[in-house]
Each structure stands twice: as structure tokens, then as C-alpha cells.
Amino acid sequence: MTTLQQIELRCPICDTRFKSQQVISTNSFGGKRTDFHERAAGTQPLPYLIHMCNRCGYSGAERDFTEDADVSPVLKEHVWSELAPALSAVAISGSEKYEAAAKVAEWQGLDTRHVADLLLRAAWCCVDENDVEAERFYRRKSAWKFEEALSSYDGVVREERAVLTYLVGELWRRAGDDRQSHDWFNRVVSEIADPGSQQWILDAARQQRDCPREWFG
Ligand SMILES: [Zn+2]
């Protein structure tokens, strides 16, 4: 079971205090999809791991609302000009919060891989929001960001290149682009850093290329 608790946060951009929900405990009894989307039994915790200020639209994890938040004048400007106008009166969905958090992370100059991860989570939220179009949109955006991280000199450590290469293949597969998906699955073999511990990634890539499954295990 997932347990939530109400917390009060202070927005580092506009100083507004607002209430949000925080995850106290969760579980992974719902299994794991082949894009590493771990499912809980009961309420899914994902939408509650990111918070959004309802006055300016600034979004992030709980630590992004503490003294440690990296708030530059440039970030403030971006938030007011791009996130604030897009705020709607209706309830904000998990995917919207993750998309906003991905923008904030980019404006903060955080690494590409982190941005890609937030976009991946936006896609996962869309699964529960039953929004297939938005899910594919975020899967493509996330795939492009992971590709960018993989192509930069120090974007991804060697031990993680194979698994992220697999993930890009799986994102394209789930976005409905089989050609790109096959290309990426075929690249996994050349990214293996340790054949002993990474054989499962190679197996998963072959599996998803030739006879895809939706769930691990
Ligand atoms: Zn704010």
C-alpha cells in the first residue's frame, strides 16, 4: 500500500506557501514493465514525488523547495514567462508536473540524463492517465534526451551505457517506431561493459526486438 501525507512547501521562486502530498511509504508489488516502470499495488506513488507551485508553476522534488534549491535570476525569468502562463485552474496531472520539472532541470543546467529521466516519468504517469497520445509524445522526448546523453562525451558512465541503450530501444518500441527501436536494440551488444553481470540486458534487448513482452519476470 502507498501512504501519502500532506506537507506544506514554500516556493523558492515566488515565496508562496502551498500544500502538497508526499509519499511516506510505497511498494513494488505491482511488477515491473520492460521500460523499468515499477508498479505499486494500490495508489501509484509517481505523481506525488514531484510538487508544483500553484502560483508560478515551479516544479520539482521536495528538495527543490528547500534552502538547497538552485534558483538563479535566469531560472526565475523562465518560470514566470513559460510555466506561470501555462498554469490552469483545473487539477494538475502527474505528467504535467514532470514536464514542468524537466524544464526547470534544463534551465538549471542539470545533466541531460536527469532531464531524460523526468520525461520518462512523465510518460509513465500518462499510462495511468490513460492518455496514449501524450504517453507517446513524452516517450519520444525522453528517447531523444537519453540519446543526447549517450552521445555526449561524459553524459553516461560506461557501466550504464548498455542499459540506457536498451531503454532507448524500448522507448521507441512503445512509441510505435520499430525501425528506430530495432536499431537501438542491435546497438546494445557493443555497449556491454561487463559480459558477466550484463548478459540480462543483452537478453532483454533480443527479447524486445524479436518477441516483445510488456512485463519483466
Ligand atoms: Zn511559485
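Values in this text are rule-based calculations from the coordinates and carry no lab data. Only a predicted model underlies this, so the values are computations on that prediction, with no experimental measurement involved. Because the Cβ atoms are built from the backbone with ideal geometry, glycine has one as well, and the counts that use them run over all protein chains shown.
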Which helices, taking whole DSSP H runs in the chain, have alpha carbons extending 15 angstrom or more along the helix axis plus mean Kyte-Doolittle at least 0.5?
-> 112-128
Hydrodynamic radius by Kirkwood, which averages 1/r over all alpha carbon pairs of the range 93-175, in angstrom | 12.6 Å
Amide H of I7: which non-local residues (sequence gap of 5 or more, or other chain) have their own amide H closer than 5 Å, using H built in the peptide plane?
-> S20, Q21, Q22
Singleton cysteines, the chain, no second Cys beta-carbon under 4.7 Å -> C125, C126, C211
Cleavage-rule hits (GluC sites (Glu not before Pro)) in the range 20-85: DSSP loop, at most 13 neighbouring Cβ within 10 angstrom | E67
Taking H as built 1.01 Å from N, whose amide H comes closer than 5 Å to the amide H of N27, not counting residues under 5 places away?
-> A41
Pop the C-beta distance of Y153 and N54 into the FRET formula with R0 = 35 Å and round what comes out to the nearest 0.05.
-> 0.30
Which of K76/K103; K97/K141; K19/K76 exceed 19 Å between C-alpha atoms? The answer is K19/K76
Normalized C-alpha radius of gyration of the chain, against 2.2 N^0.38 Å?
-> 1.07
